[in-house]
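Have a look at the structure below before the remarks.
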Amino acid sequence: MTGQPPLEEPQVSAASPPSVPTQVTAPGGDAYFNRELSWLAFNERVLAEASNEQYPLLERLRFLSISGSNLDEFMMIRVAGLVGQAQRGIDRPAIDGRTPGQQLTAIREKLAAISVLQQDIWRTLRDQLADSDIHIADEQRVEASAHEWLEAFFLEEIVPVITPQALDPAHPFPFVHNEGMGLLFTLTRDADGEQIIQMILIPTALPRFVRVPSDIAEGGEAIYISIASLIQRYAKKLFPGFTIAGDGLFRVLRDSDIEIQEEAEDLVRTFRSAIQRRRRGQVIQLEIEEDFDPQAEQILLDQLGVHEAAVIKTDGIIGIDGLAEIVGEDRPDLKFDAYSPRYPERVREHDGDVFSAIREKDIIVHHPYESFEVVVDFVRQAAADPDVVAIKQTLYRAGEQSAVINALIEAAENGKSVTAVVELKARFDEEQNLKWAAKLERAGVQVIYGFTDWKTHAKIAMVVRREESGFRTYCHFGTGNYHPVTAKIYTDLSFFTADPKLAQDAAKLMNFVTGYVEPVGLGHIAIAPLNLRETIFAHIDAEIANAKRAKPAAIWMKCNQITDQGMIDRLYAASSAGVKIELVVRGICCLKPGVEGLSENIRVKSIIGRFLEHSRIYAFANGKPMPSPDAAVFIGSADLMERNLDRRVETLIPMLNRTVHDQVLQQVLLANMLDVEQSWWLHADGSYTRVQAPPEGDSKPFNCHRYFMTNPSLSGRGGALEAGGVPKLSLRKGRAG
């Protein structure tokens, strides 16, 4: 690998995975990895970044907190689902042949190991943060200078919002909400020696940590103490006349999946009810401190209905995800250098007029390296343009503060016909989406909720504009959500076009979602669950046919997950036919690469780095060596999962414009193939190892995130492209096609 100094043309080599013992397997369960264990392996890679000494300290803490929030969601959704299946006696095996009970056993064994590793990393980071004057104290380690302030804070800010409750027959056990934390105190009454157990639930309105003001802390150091530790420290003030014999912190995770029956008559009312039920779901995991009082622990187990197998005991911090609050500390020296995304220069060349730029030529925008603001401007300018007559858009996740939503409201208030497809089934965003839907409807937007049994996951916006030649439709197709926050950290593609054929297909897609009118005669766009799977199958089959004719045959894919058995089997067939297959799969991968007689021509890597790889790109050699101008290249909203292919409305968009085609294939996708600094190889035994950088002094390790941060994109450079001002990547050696 080489680095990418600006305005040079790096010649980059394709790395190869280290040799591992050949594994031979027959078709069947042994041909696939378990989905849940593969996800845990992904989270281990995320956790490994918390130990990456090349990263600034607070960024490592961020990865640790992300690993915690990832695991929470995994428990609340995936493990909860398996527990439900096991309780109902459902023995339907997973793709690898394991029953729900067998999967739960393997998961809990793995979770225990991950929990230990998280705490080990936490202790290391805590010590290193202390060396950098950021102290995360427990109730025993608070500087004397901060004691007075903390006590006053406790009495004035904490005591008014907490409610101690005795646990006895006269006081029913309180409800502990999902992700709720609480403290149990074992007390002895001084007057008569009677033992009492008290519970204090920590309100979600309180932060997880409180920071001692810098002017009070010694030397101006940053001192944090958790709210739980603060309560433990000053608990005697809550219980006068008692001696505290022991205390312990606990945390509860509940089943948070939402199931909606197909016959639901009122989807909005049904979801509001389901959200309430989710808060009271079955307890899936109880996290407690290692030295938790046995009597108090038994009370929790009995009252929460928790099996001992679902209890995680730790001698470290409870609720790893809460460390995200400390990442917000104002220490730029302990974080990645600030990065400001570029606004596409092609749009600037048209004085910021997005529609004029699209009219001249299709545009591809690469987030987060290029600003999401151009997507907002697409809708905002449409809202203000007197020649725009209609806007149609899908909304899966839009975030709490959405400029896109506000632009749609403005458009409706300006008298334009505005249609918004709001997906209520966007997990953990259901409540926010209900709020947006109500606000849009009040403004006069026609709000559609799509299908009851399918999620509308496609990312598409259409603007119909009156022009001299008649009505023209401008389209935006994305691989990511219309979410201004995630667009700063997720790598995604935004494709803008005024191609009439793509616009016709987009209109048919919207009519399918809003009126259930199944599209006929699609020209270019493939739509799930109608023909997206079959379209990818057809291109894989074409590569198999080319391989049998001794023509160049290769498949490059980049997505977040591969779990669909039919898709995996088709890729296995391609490998057996001699097709060279390169897969960049960030998360779950049930496909086994490098297995003799099955997948020896398939390589799989995962990229974990500063940004979250999220774009979906599918490319097929089409009879020429990869990468080439003749390759068939698509971007899409779908991963290769059964749910995406069969139970969601998704899109697969061909890159027909030459400039756009080249950027997606020969910059974005190729850079992902060539990355070594953030990449992990997947092996046939299910293990992942970091890609080895070239020997020291040979060349600088290639980092695809750094490459795109330091080099303008192909499309975004506008006229500079023809001037040769954009460094291009090329393969020097390797077997990438």
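The values are calculated or read from the model by the stated rules, or taken from the named source; none is laboratory data. Since this is a predicted model, take the numbers as computed values, not measurements. All Cβ positions, even for glycine, are placed from backbone atoms using ideal geometry, and neighbour counts span all protein chains on display.
Tell me, yes or no, whether segment 329-342 has at least one residue that is of a type in the set (Ser, Thr, Tyr) and under 22 Å from the mean Cα position of the chain (by Cα).
Just the residues of segment 329-342 that are of a type in the set (Ser, Thr, Tyr), to begin with: 339-340.
Still in the running and under 22 Å from the mean Cα position of the chain (by Cα): 339-340.
The answer is yes, given that some residue of segment 329-342 is of a type in the set (Ser, Thr, Tyr) and under 22 Å from the mean Cα position of the chain (by Cα).
Among the listed residues Ala412, Ala407, identify the single one that is in a helix (DSSP H, G or I) and in contact with a helix residue (DSSP H, G or I) (Cβ under 6 Å, 6 or more places away or on another chain).
Details: Ala412 fails: in contact with a helix residue (DSSP H, G or I) (Cβ under 6 Å, 6 or more places away or on another chain).
Testing whether each residue is in a helix (DSSP H, G or I) and in contact with a helix residue (DSSP H, G or I) (Cβ under 6 Å, 6 or more places away or on another chain) leaves just Ala407.
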Q: Would you mind finding the one in Val418, Val375, Val389 that is surrounded by 24 or more Cβ atoms within 10 Å (Cβ to Cβ) and part of a strand (DSSP E or B)?
A: Val418
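Can you name every residue in segment 632-645 that is more than 17 Å from Ala538 (Cβ to Cβ) and either part of a helix (DSSP H, G or I) or in contact with a helix residue (DSSP H, G or I) (Cβ under 7 Å, 6 or more places away or on another chain) (or both)? Before the answer, list the steps.
Of the residues in segment 632-645, the ones more than 17 Å from Ala538 (Cβ to Cβ) are 635, 637, 639, 641-644.
Those that are more than 17 Å from Ala538 (Cβ to Cβ) and either part of a helix (DSSP H, G or I) or in contact with a helix residue (DSSP H, G or I) (Cβ under 7 Å, 6 or more places away or on another chain) (or both): Ile635, Glu642, Arg643, Asn644.
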Q) Does segment 604-617 contain at least one residue that is outside the structural domain of Phe451 (by TED's automatic domain parsing) and farther than 30 Å from Arg62 by Cα? A) no
Q: Kindly provide the set of residues from segment 53-103 that are in a helix (DSSP H, G or I), more than 30 Å from Lys335 (Cβ to Cβ) and touching a residue at least 40 places away in the same chain (Cβ under 8 Å), ordered by number.
A: Ile77, Arg78, Val79, Ala80, Gly81, Leu82, Val83, Gly84, Gln103
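Sort out which residues of segment 178-235 are assigned to a strand (DSSP E or B) and more than 26 Å from Gln298 (Cβ to Cβ), and write them in order of number.
In the first step, residues of segment 178-235 are kept if they are assigned to a strand (DSSP E or B); the result is 181-189, 195-202, 209-212, 222-226.
Passing the criteria: Phe209, Val210, Arg211, Val212, Ala222, Ile223, Tyr224, Ile225.
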Q.
Filter segment 164-178 down to the residues that are among the aliphatic types (A, V, I, L, M) and crowded, with 17+ Cβ neighbours inside 10 Å and list them by number.
A. Leu167, Val176
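Would you point out which residue out of Leu206, Leu187 is touching a Phe, Trp or Tyr at 6+ places or on another chain (Cβ under 6 Å) and among the aliphatic types (A, V, I, L, M)?
Leu187
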Q: Can you tell me which residue among Leu656, Leu665, Leu670, Leu583 is under 19 Å from the mean Cα position of the chain (by Cα) and of a type in the set (A, V, I, L, M)?
A: Leu583
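Report yes if Ser226 is assigned by TED's automatic domain parsing to the domain that holds His147 and within 33 Å of the chain's Cα centre (by Cα), otherwise no.
Spelling it out, Ser226 is indeed assigned by TED's automatic domain parsing to the domain that holds His147 and within 33 Å of the chain's Cα centre (by Cα).
Between Ile258, Ile244, which is modelled with pLDDT under 95, among the hydrophobic types (A, V, I, L, M, F, W, C), assigned to a loop (DSSP other than H, G, I, E, B) and in contact with a helix residue (DSSP H, G or I) (Cβ under 8 Å, 6 or more places away or on another chain)? Steps first, please.
Details: Ile244 fails: assigned to a loop (DSSP other than H, G, I, E, B).
Residue meeting the stated conditions: Ile258.
When you check Leu656 against the structure, is it closer than 28 Å to Leu40 by Cβ, among the hydrophobic types (A, V, I, L, M, F, W, C) and modelled with pLDDT of 95 or more, yes or no?
Numbers: closer than 28 Å to Leu40 by Cβ: no; among the hydrophobic types (A, V, I, L, M, F, W, C): yes; modelled with pLDDT of 95 or more: yes.
Taking the combined requirement at face value, the residue does not satisfy it.
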Q: Select from segment 525-544 the residues that are among the hydrophobic types (A, V, I, L, M, F, W, C) and either outside any helix (DSSP H, G or I) or not assigned by TED's automatic domain parsing to the domain that holds Thr651 (or both) and list them in ascending order.
A: Ile525, Ala526, Ile527, Ala528, Leu530
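Give Pro207, Pro213 a once-over and let me know the one that is surrounded by fewer than 18 Cβ atoms within 10 Å (Cβ to Cβ), under 21 Å from Gly316 (Cβ atoms) and assigned by TED's automatic domain parsing to the domain that holds Leu167. Give the steps one after another, and end with the answer.
On the way: Pro213 fails: under 21 Å from Gly316 (Cβ atoms).
So the residue among Pro207, Pro213 that is surrounded by fewer than 18 Cβ atoms within 10 Å (Cβ to Cβ), under 21 Å from Gly316 (Cβ atoms) and assigned by TED's automatic domain parsing to the domain that holds Leu167 is Pro207.
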Q: Of the numbered conditions (1) surrounded by 15 or more Cβ atoms within 10 Å (Cβ to Cβ); (2) over 14 Å from Gly636 (Cα atoms); (3) modelled with pLDDT of 95 or more; (4) not polar (S, T, N, Q), Tyr482 fails exactly one; give the number of that condition.
A: (3)
Q: Quickly run through segment 179-200 and pick out the residues that are farther than 16 Å from Lys236 by Cβ, free of Cβ contacts under 8 Å to residues at least 40 places away in the same chain and buried (at least 18 other Cβ atoms within 10 Å of the Cβ).
A: Met199
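Restricting the search to segment 57-92, which residues are over 21 Å from the mean Cα position of the chain (by Cα) and either within 12 Å of Ser256 (Cβ to Cβ) or surrounded by 16 or more Cβ atoms within 10 Å (Cβ to Cβ) (or both)? Before the answer, list the steps.
As a first pass, look at segment 57-92 and keep what is over 21 Å from the mean Cα position of the chain (by Cα): 57, 82-92.
Once the filter is applied, which keeps residues that are over 21 Å from the mean Cα position of the chain (by Cα) and either within 12 Å of Ser256 (Cβ to Cβ) or surrounded by 16 or more Cβ atoms within 10 Å (Cβ to Cβ) (or both), segment 57-92 yields Leu57, Leu82, Val83, Gly84, Gln85, Ala86.
Right, Ile107: closer than 26 Å to Gly68 by Cα, surrounded by 16 or more Cβ atoms within 10 Å (Cβ to Cβ), touching a strand residue (DSSP E or B) at 6+ places or on another chain (Cβ under 7 Å) and touching a residue at least 12 places away in the same chain (Cβ under 8 Å) or not?
Values: closer than 26 Å to Gly68 by Cα: yes; surrounded by 16 or more Cβ atoms within 10 Å (Cβ to Cβ): yes; touching a strand residue (DSSP E or B) at 6+ places or on another chain (Cβ under 7 Å): no; touching a residue at least 12 places away in the same chain (Cβ under 8 Å): yes.
So Ile107 fails the test.
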Q | For Ile288: the one exception among (1) in a loop (DSSP other than H, G, I, E, B); (2) without any contact (Cβ under 8 Å) to a residue 60 or more places away in the chain; (3) touching a strand residue (DSSP E or B) at 6+ places or on another chain (Cβ under 7 Å) | A | (1)
